[in-house]
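Below is one structure, written out as structure tokens; comments come after it.
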């Protein structure tokens, strides 16, 4: 039976209420912060949070670093995140009545890791993502026997050509995609769940004409089927009951309903990769591929800025630092293809100046 400290619970509820209502934090973030606080309480055996001291923080860090999850010691990034969440909580707690005289703000800093560990925990590492050929092959491998096949094929193609996040894709209604202009209105007011609920106008990339055809054919099919503007672009499968009235047969059609979460989308990617005899790549890796392919075709600084904006990034540095981190092999390939002879090129000089201007203005 888990022991509960009523006083602690009361303060935690006040803190979570503030995060949600005053700071606008989402439930997922609050749940992660709550997990960090619960770990601290587990270590202190649910002692009064007002008893927090520097020595307690130091011993907790030692305990947390050795803690195992699924027979493995927790990752340094996870360790760093837990402590960051705890500092946020104790900073707030130190300002509350009944705690101000017991928790000095400066002792909350004992919940920090070393500068070296923080650099390691927060550094950007190259993301492994598939090549364009992989996406084309997996989409082409899907024979459009059923409506579900057509949807899955279009979903895979759309994930790459839109470069959108999976949550935004599964919540995108038909009215937010213009089949003529190939433009997408990632509008939270229409129910599209974007990161930070930000409105993102974007356009499909044309990396591959066949992938583009799979998308336009699917949209045309949905409209001919009678799907309305508020129905999902990628609807869930219709559940069909078996002859025994107890089991459900594999669906062959879709219904006018959105998926609940992104879990089913990831399952589709896994299933289709397995059927094609290919390794599995998560939907978000397609976004990394889209950034790579798009940047390869940029010839001016203006185009780089447009690419960054198309991915919903307010700052071009986000695109270049968070997504354009190459694997060692790709990095070597790029550098070996570069001309370091020093031969003058007016076109290249113009491009360089444009890129500098874009970076300085961002």
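Just so you know, all these numbers are worked out from the coordinates, no wet-lab data involved. Because the structure is a prediction, the values reported are computed rather than measured. We place every Cβ from the backbone using ideal geometry, glycine too, and count neighbours over all the protein chains shown.
The listed peptides 83-89, 202-208, ordered by packing as a protection proxy, come out as 83-89, 202-208 (highest mean of other Cβ atoms within 10 Å first). Note on residue 78 and residue 210: the model spin-label points, each 7 Å out from Cα along the C-beta direction, lie 4.1 nm apart. Each label was represented as a point 7 Å from its Cα along the Cα-to-Cβ direction; for residue 270 and residue 63 these points are 3.5 nm apart. Axis angle, to the nearest 10 degrees, between helix 54-66 and the longest C-alpha principal axis of the chain: 40 degrees.
Residue separation of residue 221 and residue 239 scaled by 0.36 nm, minus their Cα-Cα distance, works out to 4.5 nm of gained length.
Under the rule a/c < 1.5 gives rounded, and otherwise a/b versus b/c splits prolate from oblate, where does the range 1-90 land using the Cα gyration tensor? Since a/c reaches 1.5 but b/c is at least a/b, the shape of the range 1-90 is classed as oblate.
Between helix 209-224 and the chain there is an angle of about 90 degrees, using the helix long axis and the longest principal axis of the Cα atoms. Taking Cα atoms only, the orientation of helix 76-93 departs from the longest principal axis of the chain by about 60 degrees. Which label belongs to the value computed from this structure, given these candidates for P(r) over Cα pairs in 10 Å bins from 0, in percent: (i) 4, 18, 23, 21, 20, 11, 2, 0; (ii) 5, 22, 30, 27, 14, 2; (iii) 6, 27, 36, 25, 6, 0? Of the labelled values, this structure produces (i). Between residue 128 and residue 329, the modelled label-to-label distance comes to 1.0 nm, taking each label 7 Å out from Cα in the direction of the beta carbon. Each of 137, 12 was scored by other Cβ atoms within 10 Å of its Cβ. Arranged with the fewest first, they read 137, 12. Counted residue by residue at 0.36 nm each, then reduced by the alpha carbon distance between them, the extension gain from residue 17 to residue 47 reaches 8.6 nm.
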